[in-house]
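Undergrad: Dropping the structure in here first, questions after.
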Amino acid sequence: MAGGSAIGLCEPDYPDRLAAIADPPPMLFLRDDKILLTRPSVAIVGARNASTNGRRLAGEIAGQLGEEGYIVVSGLARGIDAAAHADALETGKVAAIAGGIDVVYPSEYEDLQNRIATTGAVVSEQPVGTRPTARHFPARNRVISGLAQGVLVVEAALKSGSLITSRLALEQGREVFAVPDSPRDPRCKGTNDLTRQGAILTESAADIVSALSQQMLSP
């Protein structure tokens, strides 16, 4: 495949964490570094219409996680996803996208997607050339959570794709982390509700690293 490769579920290079979920993709299409899919990783997702503070915090946490040796996984959406990707470019990132690995969506992220493919990895279960449609995004979300050990939600409305990702993460046995914020902001009602339901309140990467370290030490 020009500019990419494919990994089948039955192949040894297929990422173990993703293979262990209830409905793993039978095939993954990849640009470029498949080794990143096996390293410790945390997904960061959130509102597309994110606030300036939300984007800044997502980027800071992504950078801190990279310094701690974690790969940052996200969905290359506007807002929180893009901020997390941009600040983890130097330390490692994986973009799980809804269309083919040769298709850029949103179109303004062509440069960012190419930079991720050059120094990280872009993955999809959709064949090359596939244009993303609405039904592809929930399926993409299970890949985001399936590749990661935990999912951090930064700003999310009560009905949002980010909460779908957090629900899938729980079903997959992943830790869910949430950044709480003002109850007056609709973009924060979903994250506030996650903390109410037991998600780990998160103010920095240290909260995530601590929880995942304890998880690894548990019998």
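The values are calculated or read from the model by the stated rules, or taken from the named source; none is laboratory data. Model, not experiment: these values are computed from the prediction. Positions of Cβ are generated from backbone atoms using ideal geometry, with glycine treated the same way; all protein chains shown enter the neighbour counts. Calculation scope for accessible area: heavy atoms of the full protein, side chains included, ligands and nucleic acids excluded. Shrake-Rupley method; radii C 1.70, N 1.55, O 1.52, S 1.80 Å.
Undergrad: Among the listed residues P25, P12, which satisfies the condition of being over 28 Å from S204 (Cα atoms) and either open to solvent by less than 20 Å² (accessible area, probe 1.4 Å) or touching a Ser or Thr at 6+ places or on another chain (Cβ under 7 Å) (or both)?
TA: Numbers: P12 fails: either open to solvent by less than 20 Å² (accessible area, probe 1.4 Å) or touching a Ser or Thr at 6+ places or on another chain (Cβ under 7 Å) (or both).
Unique residue meeting the criteria: P25.
Undergrad: Continuing with this model, one more query. Of the residues that make up the stretch 30-44, is at least one modelled with pLDDT of 95 or more, open to solvent by less than 50 Å² (accessible area, probe 1.4 Å) and out of contact with any strand residue (DSSP E or B) (no Cβ under 8 Å at 6 or more places or on another chain)?
TA: No, that holds for no residue.
Undergrad: When the stretch 50-90 is examined, which residues are found to be among the acidic types (D, E) and either more than 21 Å from L36 (Cα to Cα) or surrounded by fewer than 23 Cβ atoms within 10 Å (Cβ to Cβ) (or both)? Let's see the steps before the verdict.
TA: Pass one, the stretch 50-90, residues among the acidic types (D, E): 60, 67-68, 81, 87, 90.
Result: E60, E67, E68, E90.
Undergrad: Okay, next question. For the structure I just gave you, tell me whether A205 is touching an Asp or Glu at 6+ places or on another chain (Cβ under 8 Å) and farther than 23 Å from T52 by Cβ.
TA: Numbers: touching an Asp or Glu at 6+ places or on another chain (Cβ under 8 Å): yes; farther than 23 Å from T52 by Cβ: no.
The answer is no for A205.
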